[in-house]
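> The structure under discussion is supplied below as structure tokens; questions concerning it will follow.
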Amino acid sequence: MDHIFKIVLISVLLSTHAYAKICESKSLVESVLKQAKIDSTEGDLMDCKLDPQNDSKVIMAYAKWLPDSEDEYSGHYVLNLLQFNQLNQRLIDQFQVVEPLISDAVHLNSIQLDTANYKFTNTNRALGLRLDYSLNSSVNPFSMTLLNLYDLKKKRQILHNLIVERNRAETDRQCNAELEERTSVLVMQKSQSNQAFDILLKSRIEQSVFHGTRDNCKELKQPTSLQNFMLKFDGQQYQIPKRLKEEYQY
């Protein structure tokens, strides 16, 4: 049945660790980390991309895993954003982010650099990082993607844990279930707040409800809903409206 397929598909997606493409050369990675004085450990996460503003440079996001002393499966990552020369592998710049990346029951599976044109001033472009999380549960499968934005020039984080994708379900694994999928896109605006361009967040929400028994299960599909709101810069970071923080910030 369609609803069983959807529930199984969500569960498979949530239980599979997403693969984050990294720098392919192990020796290159080791060289850059050595220059940055970072010791690699099992469980670290990494992604690399060419600098969209200068293709002679590579940007590396390296998240070092630090487990809790009482629970090795819970802890946090310390994120370093590194820039190095593609030809000679020389480290150019390093930014260790103060805010940790938490991973506990809701597990951080992978990180991915987002080099879309997040130009938030006339002369400065932010770097994005997407964080893929999941909760493995057959009854309440859940996954989400967060987006952080970083100002590399001033070495600061200007957007914190914005939920740009979310998939969740509640099901009895027979028929009765509620499913929701929400996807969001960011659109840079011409209007400004505190000398930074506003960002319009546009979300699309799909919901389905199933009820009955395994042999007689019916779907009641809900109309697609849209939700738009503005992110405004307060001088330090972009703020999510208070009424929506619980739904859009992790």
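The values are calculated or read from the model by the stated rules, or taken from the named source; none is laboratory data. Predicted model only: the values in this text are computed from it and were never measured. Backbone-built Cβ (ideal geometry, glycine too); neighbour counts: all protein chains shown. The accessibility values were calculated without ligands, DNA or RNA, using every heavy atom of the protein model including side chains. Shrake-Rupley method; radii C 1.70, N 1.55, O 1.52, S 1.80 Å.
> Mind giving me the FRET efficiency for S74 and S191? R0 is 35 Å, r the Cβ-Cβ distance, nearest 0.05 is fine.
On the way: r = 41 Å, r/R0 = 1.18.
E(calc), rounded to 0.05, equals 0.25.
> Any idea how far the Cα center of region 199-250 sits from the one of region 103-151, in Å?
Answer, in whole Å: 16.
> Just order 60-67, 86-93 by mean Cβ neighbour count inside 10 Å, highest at the front, would you?
The densest-packed peptide leads the list: 60-67, 86-93.
> Here's a follow-up. Can you give the extra length, in nm with one decimal, that the chain gains between D234 and H160 once fully stretched, where that is 0.36 nm per residue apart less the Cα-Cα distance? Present the calculation step by step, with values, prior to reporting the outcome.
Numbers: separation 74, 0.36 × 74 = 26.64 nm, distance 1.30 nm.
Stretched out fully, the D234 to H160 stretch lengthens by 25.3 nm.
> Tell me, rounded to the nearest percent, the portion of alpha carbon pairs in the chain spaced more than 30 Å apart. Working shown, then result.
Values: 11110 of 31125 pairs.
Result: 36 percent of Cα pairs exceed 30 Å.
> Mind giving me the FRET efficiency for K202 and V106? R0 is 30 Å, r the Cβ-Cβ distance, nearest 0.05 is fine. List each step's numbers first, then the result.
Values: r = 25 Å, r/R0 = 0.83.
The value I calculate is 0.75.
> Here's another thing I want to ask about it. Using the Karplus equation 6.51 cos²θ - 1.76 cosθ + 1.60 (θ = phi - 60°), what ³J(HN,Hα) coupling, rounded to whole Hz, does each residue of region 209-225 give in order, writing x for Gly and Pro?
Going residue by residue, I get 10, 10, 8, x, 10, 4, 7, 9, 10, 10, 9, 10, 7, 8, x, 4, 10 Hz, with x marking Gly and Pro.
> Working from the pairwise distances between different alpha carbons, so that the mean of 1/r is found and then inverted, what is region 28-158's Kirkwood radius in Å? Write out the running numbers ahead of the final one.
Details: mean 1/r = 0.0637 Å⁻¹.
After inverting the pairwise mean of 1/r, the radius is 15.7 Å.
> Another one. Below 8 Å between Cα atoms, with a sequence gap of 6+, how large is the relative contact order for region 114-250 in percent? Mind showing how you got there, number by number?
Numbers: 317 pairs, mean separation 25.2, N = 137.
Answer for region 114-250 is 18 percent.
> State the extension gain, in nm to one decimal, for the chain segment bounded by Y250 and K153, taking 0.36 nm per residue of separation less the distance between their alpha-carbons. Intermediate values should be presented prior to the final figure.
Details: separation 97, 0.36 × 97 = 34.92 nm, distance 2.55 nm.
Extending this stretch completely gives an extra 32.4 nm.
> How high is the relative contact order of the chain, in percent, with contacts defined as C-alpha pairs under 8 Å that are six or more residues apart? Mind dumping the intermediate values first?
Details: 556 pairs, mean separation 30.8, N = 250.
After rounding, I find 12 percent.
> Pick out which of T41, T123, T213 has the largest mean-square fluctuation in a Gaussian network model of the chain, springs linking Cα atoms closer than 10 Å.
Result for the chain, Cα springs under 10 Å: T123 fluctuates most.
> With a 1.4 Å probe and every protein chain left in place, tell me how much accessible area K218 has, in Å² to the nearest 10.
Probe radius 1.4 Å; accessible area of K218 about 110 Å².
> Continuing with this model, one more query. Report, in deg cm²/dmol and to the nearest 500, the calculated mean residue ellipticity at 222 nm for the chain, where each DSSP H run with n ≥ 4 adds -39500 (n - 2.57) and the sum is divided by the residue count. If you can, show how the numbers build up before the last one.
Working: 3 runs with 28 residues, N = 250.
My calculation for the chain gives -3000 deg cm²/dmol from helical runs alone.
> Quick check: residue separation of A116 and H211 times 0.36 nm, minus the Cα distance between them. What number comes out in nm?
Here the segment from A116 to H211 would lengthen by 30.1 nm.
> Continuing with this model, one more query. Between the helical axis of 26-35 and the dominant principal axis of the chain, each derived from Cα atoms, what acute angle in degrees is found, rounded to the nearest 10?
The helix 26-35 is inclined about 60 degrees to the chain.
> Taking the Cα-to-Cβ direction at S56 and at L135 and moving 7 Å from each Cα, how far apart do the two end points lie in nm?
In this crude label model, S56 to L135 measures out at 4.9 nm.
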